[in-house]
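Below is one structure; the comments refer to it alone.
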Amino acid sequence: MKDIHPNAQIGKDTLISSFTTICDDVIIGDNCWIGANVTIFSGVRIGNNCKIFPGAVIGAEPQDLKFNGEYSTVEIGDYVTIRECATINRGTAALGTTKVGDHCLIMAYVHIAHDCIIGDNCILANSTNLAGHVIIDDHVYFGGMSGIHQFVRIGRHAFISGGTMLGKDVPPYCMVIGSPPQYAGINTIGLKRHQFAQNDIHHIQDIYRILFGSGLNTKQAIEKISSEIKETEIRNHIINYICLSERGIIKGIR
C-alpha cells in the first residue's frame, strides 16, 4: 500500500515501494527508486536515477520560527542517493528553496535544513547536520556526526573530519579537524583523485602556508599572497572566497 497524490508527476521506470507517501506538487524523474516508508512533501523536485532509502523525509516544513507557510521547494539533482532516515527541509522566504546537486551521497540520519545549497559530487556521512543557509561547493566530503552552523560556507574540494562542529567558513581545498575546528593542511588525496596537477597542488600549499603558517592576520596574509604568489585562477578563487567571508574563516593548527 502506498499513498501517491494523483497530481504528483512520476517519471518513467521509477519504482515506489510500499507505505510511502508522495504529496501534491511533487515531480520525480526517470529511473528512480523510492524505498518503503519514505515521505515526500509538496514542493519537491527530484531528478533522474535517484535512490531514496526507507524512512527518509523530503520537503517537510522548515524548523524555523520565522517560517509563515510561504511556498518553497526542495530541488534534488540527478544520481543522488539519500539513505535511511535522512531529512531535507524546504526553503523559506529568504531563498525559497533547498538544493542538492548531482551525484551526491546523503548518508543515514543526515539533516539538511532550510535554504541550504549543496553542490555536485558531495558526500555527507552518517548523522551530519546542516543548519539553515549553509552553502557547500562541489566535491566536499564530510565525516560522520559533523555539525555545521547556519550561514557557514565551505569551499570546493574541502574535507571536514568526523565529529567537527564548524562555525566558520572553510576556504577551498582545505582539510578541517578538531574541536574547535582548525586547518590541517590541504586535501591532497582528494585533489590527486580529481587529477589536479602536482604543480597546482604545490601552488595551493604555498598559498595556505602564508595564510595559516606565517603568523599574519587574514588581511595581512591576503596582501602577502597577492604580492608574492603568482596570479592564477586558483589563487584568485581562494582570495575572493576569503574576502567574501562574512563569518570569518577557520584558524590554523594551534
Quickly run through the stretch 144-160 and pick out the residues that are assigned to a loop (DSSP other than H, G, I, E, B) and crowded, with 19+ Cβ neighbours inside 10 Å.
Ser146, Val152, Gly155, Arg156, His157, Ala158
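Conditions (1) over 23 Å from Thr97 (Cα atoms); (2) assigned by TED's automatic domain parsing to the domain that holds Gly91; (3) charged (D, E, K, R); (4) in contact (Cβ under 8 Å) with a residue 40 or more places away in the chain, marked per residue:
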| site | (1), (2), (3), (4) |
| --- | --- |
| Ile10 | no, yes, no, no |
| Asp13 | yes, yes, yes, no |
| Asp24 | no, yes, yes, no |
| Gly29 | no, yes, no, yes |
| Val38 | no, yes, no, no |
| Asn48 | no, yes, no, no |
| Lys51 | no, yes, yes, no |
| Ala56 | no, yes, no, no |
Restricting the search to the stretch 74-94, which residues are closer than 14 Å to Val134 by Cβ and either surrounded by 24 or more Cβ atoms within 10 Å (Cβ to Cβ) or touching a residue at least 40 places away in the same chain (Cβ under 8 Å) (or both)?
Ile88, Asn89, Gly91, Thr92
For Thr98: the one exception among (1) in a loop (DSSP other than H, G, I, E, B); (2) buried (at least 23 other Cβ atoms within 10 Å of the Cβ):
(1)
Consider Phe159 carefully, then state whether it is touching a residue at least 24 places away in the same chain (Cβ under 8 Å), among the aromatic types (Phe, Trp, Tyr) and in contact with a strand residue (DSSP E or B) (Cβ under 7 Å, 6 or more places away or on another chain).
yes
Subset of the stretch 180-230 [assigned to a loop (DSSP other than H, G, I, E, B) and under 20 Å from the mean Cα position of the chain (by Cα)]
Pro181, Asn187, His194
Condition first: of a type in the set (A, V, I, L, M, F, W, C), surrounded by 19 or more Cβ atoms within 10 Å (Cβ to Cβ) and over 15 Å from Thr97 (Cβ atoms). Now tell me which residues in the stretch 109-124 satisfy that.
Val110, Cys122, Leu124
Residue satisfying condition, being more than 14 Å from the chain's Cα centre (by Cα) and at positive phi, within set Cys50, Cys85:
Cys85
Quick check on my filter: what residues within the stretch 172-219 are at pLDDT 95 or above, on the phi > 0 side of the Ramachandran plot and assigned by TED's automatic domain parsing to the domain that holds His237?
Gln195
Of the residues in the stretch 56-83, how many are within 21 Å of Gly29 (Cβ to Cβ) and assigned to a loop (DSSP other than H, G, I, E, B)?
7
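The values are calculated or read from the model by the stated rules, or taken from the named source; none is laboratory data. Worth saying up front: this structure is predicted, and the values here are computed from it rather than measured. When we count neighbours, we look across all protein chains shown, and the Cβ atoms used for this are built from the backbone with ideal geometry, even at glycine.
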